[in-house]
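Below is one structure; the comments refer to it alone.
The values are calculated or read from the model by the stated rules, or taken from the named source; none is laboratory data. What you are looking at is a predicted structure, and each value in this text was computed from that prediction instead of being measured. Counting neighbours? That spans all protein chains shown, and the Cβs are built from the backbone with ideal geometry, glycine included.
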């Protein structure tokens, strides 16, 4: 059995999702803002949703939309233009649940669509 880093987050899209074509698959990339207990303790997570989950994100979500995501986390590493080693976590979304509307910051409404994506290409 291999090790895996699972993560579950509930937050709001910090920007509109962007769709990119990678080989024969589409991926929806977005940033999820997850608030802490204090107003100034918001964390931002870069997310990638492949397959059906990506289609749902692209079709129904925009900046401010509240979602819950379940996925795995990986660390992307690169060297910047100044030669410094950099890294950041990226969430590979396998499941997405649409919650309240972007104008409603209260509890989730009846609108709830859950999609599980098993066609992540890695």
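Before moving on, here are some points about what is shown:
- Residue that is modelled with pLDDT of 90 or more and surrounded by fewer than 20 Cβ atoms within 10 Å (Cβ to Cβ), where the choices are 66, 58: 58
- Condition met for residue 88 (in contact (Cβ under 8 Å) with a residue 24 or more places away in the chain, loosely packed, with under 13 Cβ neighbours inside 10 Å and closer than 26 Å to residue 3 by Cβ): yes
- When 34, 27, 42 are checked against the criterion of being crowded, with 17+ Cβ neighbours inside 10 Å and touching a strand residue (DSSP E or B) at 6+ places or on another chain (Cβ under 7 Å), a single residue qualifies: 27.
- Only one of the numbered conditions (1) within 15 Å of residue 95 (Cβ to Cβ); (2) exposed (fewer than 15 other Cβ atoms within 10 Å of the Cβ) is violated by residue 50, and that is (2).
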